[in-house]
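One structure is given here, and the rest of the page talks about it.
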Amino acid sequence: MTDDLYTRLAWLPSAPADFAVTCKAIGSLLEPGCAVRDMALHALDQNQLTRLGRTITRLHAEGRSLAPLEKFRLGLIGNGTLDLLAPVLVATAARYGLALECVQAGYGQMTQQALDPDSLINASRPNAVLLAIDYRALPLSVTPGDPATESADIEGALALLKSVRDGLQRNSGATIIVPTLAPPPEALFGSLDCVVPGTLRRVIARLNDAIIASIDGSHELVLDVERLAQTVGLGTWHSPALWNMAKLPFDDSCLAIYADHVMRLLSAARGRSRKCLILDLDNTVWGGVIGDDGLEGIKIAQGDATGEAHLAVQRLALELRSRGIVLAVSSKNTDAIARTAFRDHPDMLLREEHFAVFQANWNDKAANIKAIAQELSLGLDAMVFLDDNPAERALVRQLLPQVAVPELPEDPAWYARTLSAAGYFESVAFSSEDRARAGMYEANAARSALKVQAGDLDTYLATLMMEIWFAPFDRVGRNRISQLINKSNQFNLTTRRYSEAEVAAAEEDPTVFTLQVRLSDRFGDNGMISVIVCRPGAARDWHIDVWLMSCRVLGRKVELAVLGELVHCARAAGIEFLIGTYRPTEKNGIVENHYAQLGFSQLAAESDGTTVWSLPTTTAIPAVPMIVHGSSPHAYPPALKRKARSH
Amino acid sequence: MDQIFSKLQQLFQDVFDDDSIVVTPGLTAADVAEWDSLNHIRLILAVEKAFKVKFTAAQTGNLKNVGELAALIRDKMPAA
């Protein structure tokens, strides 16, 4: 069971019986991108993935478009045979919305490929490079009882890795994926290996710690291969037969799960991880059906195997919430009855206040999930839906293919592990804002409830007691700023992405005007919710290169407050006109009329839908329903205000 | 033996991505354009998985044609 879960990607629906035929037909489709992605969303084995990967590569070679998949080039460097891995990676990438092209270095050419600026990998200008290496790529020796050699080996291995990583960084500019190393299962002494210096067990453990500590957060991602190999079992992972025969760095049965781990990491780095877990209630959050069995009849207590299985689901949901994943309920139930479990059952870990949205009704689940997404201002592709009922899962998968719906085994004991194994919430950074996020969304849901009661918008906004803070970019905000710049899709005028280095450059350039904007209200701190970058134009102009805002604070006149601050600062700098550009994308339709609504006049419209707007800085900006703290060096919110609402 | 061949036929078509391959006892790597060392490994892995058998490197390295592969599979398979 456990082997199957990971190596067979058991959370994905099984492959269609006509896989081979469908795969063959893909090439003749007019728009093969969607079909490729649908296919990749199944639990394909390594042979099927290889086949799909080759199909994709063939379409690439023929110059066919794979839209809506986005192009991505990955360099592959390793000390073993990568030929089996490449097509599996290509197919798996489609699962994550990427049209992947793999550039593969020759066998054992790690250092040359990294250091030579004209090497195959560097010259291909990859978006990312995967170091698909194992412990055999590094000069490690077994010297039991010799701590000096152990340390020297670790330093040597780190130095080699560093020269490779620096070389790639310098010559390709790509994001580098650095693995931890899976130790081989062969022991020298036995349990004593973890004690005696110079055993591979010790050398690799220490080296892994050093690798993790050396990761440069702005250019590198760590891929925890050690953990993955241990999860599937080191004895399964390392196949001496395949290494001897073909220099395969790990068993071919692990190709699919390895590729999935690589792609979920890359996907997270591109801001595509999921943000919200929607839970069914009956037989998912507790055992039994509360409408039939009553409050006393449902199984959720310690000491009952079924009850403990569902408690594990609740515990995982709470842990996810503590790292910023928003929780919601979608259940076919009478609202009042469903809520009694959360209010009155002493053994429940989850409580009503942990959920940002609670949809217990008799509507179909797809409609409910759409309503939840709307209420939270999150895309459907940010949602995960957990439900024990295969029919509900199938319905949601069919109607809302963007929502991730894990398959679940019959036994609820495996629910929590299956959800976790799917890696939907993979993330490449964790900030204090992430920790507070779930609370912010709940406060937001409370705000919308208030909005309904308050009736007229201005009255409502006044009751929020908002305070807004403006500040130029700085070191402290840098991480969150680049997170917002790279993740915001909807309220984003230009969708220009900046690397963290480019954010730092804007921060330091005196000719560039930057703003980070924070907002608090009586429900709590919303954290950083808007980012602006203006660059000097030809005359006395500022060109607004970035204007984005978190959709959490839509409809609260924050944009108007931002404009007020912009005009104020521009005027102080002797600027006469603000020039704004709207570049349409699939996702930013909500800001199409942003500049028109703010009183800008249109200068130009291009054939791709891009529009250019201008506003004289002499324009008077109306007052806003919030307290404004302008951007002076001391304008940060006091620490007290930064503290998020806690439960 | 017939069953082994019909299963092999399917595996060959899958691995070499070529529906026109006809598997006969006399078929050799020289007869199939795509049959290089890498695809040989993929073929052996696919055969091992499909028939639930394991080969040693020596056994798979010395095969002369598909007939020998089929015989090897027959010898390894648990008696029916």
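Derivation of every value follows stated rules applied to the coordinates shown; laboratory data play no part. Source: prediction; values computed, not measured. All Cβ positions, glycine included, derive from the backbone under ideal geometry; neighbour counts span all protein chains shown.
Of note:
- Cut-off 18 Å (backbone N to label point 7 Å along Cα→Cβ of A:GLU62), residues of the stretch B:11-43: B:17-20
- Overall Cα dimensions of the stretch A:359-421, principal axis frame, Å, largest first: 32, 24, 21
- Divide the volume of the convex hull around the Cα atoms of the stretch A:225-290 by the residue count and you get 130 Å³ per residue.
- Per residue, the convex hull volume that the Cα atoms of the stretch A:329-373 enclose (Å³): 64 Å³
- The stretch A:468-568 - convex hull of alpha carbons, volume per residue in Å³: 100 Å³
- Relative contact order (percent, whole number), the stretch A:460-551, Cα cutoff 8 Å, 6+ residue spacing: 32 percent
- A straight chain from A:GLU155 to A:ARG571 at 0.36 nm per residue would run longer than the Cα-Cα distance by 144.2 nm.
- Alpha-carbon Rg/Rh ratio, for the stretch A:552-592, with Rh computed the Kirkwood way: 1.06
- For the peptides A:336-343, A:195-202, residues were scored by their other Cβ atoms within 10 Å and the scores averaged per peptide; the highest-first order is A:195-202, A:336-343.
- The slack between A:ARG227 and A:ALA429, meaning 0.36 nm per residue of separation minus the straight C-alpha distance, is 70.9 nm.
- Shielding by other protein chains, B:25-38, mean Cβ within 10 Å: 1
- Cut-off under 5 Å, modelled amide H: who pairs with A:LEU98 long-range: A:GLU70
- Ranked by the mean number of other Cβ atoms within 10 Å of their residues, highest first, the peptides A:293-299, A:94-100, A:220-226 come out as A:94-100, A:220-226, A:293-299.
- The antiparallel fraction among DSSP beta bridges confined to the stretch A:263-393 stands at about 5%.
- Distance between modelled label sites at A:ARG540 and B:ARG74, nm, 7 Å Cα→Cβ extension: 9.5 nm
- On the principal axes of its alpha-carbon atoms, chain B has extents of 34, 25, 21 Å, going from largest to smallest.
- Descending semi-axes in whole angstrom, ellipsoid equivalent of the stretch A:1-96, from the Cα gyration tensor: 21, 18, 11
- Scattering profile of chain A at q = 0.07, 0.08, 0.11, 0.12 Å⁻¹ [log10 I(q)/I(0), Debye over alpha-carbon scatterers]: -0.52, -0.69, -1.25, -1.40
- FRET E, pair A:ALA505, A:ARG170, Förster distance 22 Å, beta-carbon r, rounded to 0.05: 0.80
- For the stretch A:61-190, a simple Cβ point-charge model (Lys and Arg +1, Asp and Glu -1, everything else neutral) yields a dipole of about 560 debye relative to the Cα centre.
- Sequence-distant residues sharing a close amide H with A:ASN526 (under 5 Å, placed H): A:LEU519, A:SER520, A:ASP521
- Across peptide A:43-53, the average count of Cβ atoms from other chains found within 10 Å of a residue's Cβ is 2.
- The calculated FRET efficiency for the pair A:ARG475 and A:ARG496, based on their C-beta separation and a Förster distance of 22 Å, comes to about 0.55.
- For the pair the stretch A:100-151 and the stretch A:513-531, the centres of their Cα atoms are 43 angstrom apart.
- Evaluated with a Cβ-only charge set (Lys, Arg +1; Asp, Glu -1), the stretch A:4-82 carries a dipole of roughly 260 debye about its Cα centre, given to the nearest 20.
- Exercise: per-residue mean of other protein chain Cβ atoms within 10 Å, A:239-252: 3
- Label separation (A:ALA623 vs B:LYS52): 8.0 nm, computed from points 7 Å beyond Cα along the C-beta direction.
- Pairs over the 18 Å Cα-Cα cut-off, from the set B:LYS52/B:LYS76; A:LYS557/A:LYS587; A:LYS24/B:LYS7: A:LYS557/A:LYS587; A:LYS24/B:LYS7.
- Protection proxy ranking, peptides B:20-26, A:179-185, average beta carbon neighbours within 10 Å, highest first: A:179-185, B:20-26
- Mean projected area (nm²) of the alpha-carbon convex hull when the stretch A:254-400 is viewed from all directions: 9.9 nm²
- Looking at chain A, the DSSP beta bridges with both ends there are about 40 percent antiparallel.
- Listed residues A:THR199, A:ALA328, A:LEU349: farthest to the positive end of the dipole of chain A (Cβ charges): A:ALA328
- Three principal axis lengths of the stretch A:213-333 [C-alpha, angstrom, descending]: 60, 37, 26
- The label point for A:LYS71 and the one for A:ARG339, both projected 7 Å from the Cα toward the Cβ, are 5.3 nm apart.
- Formal net charge of residues neighbouring A:ARG535 (Cβ-Cβ distance under 11 Å; K, R +1; D, E -1): -2
- Within the stretch A:513-628, DSSP assigns beta bridges of which about 85% are antiparallel (rounded to the nearest 5).
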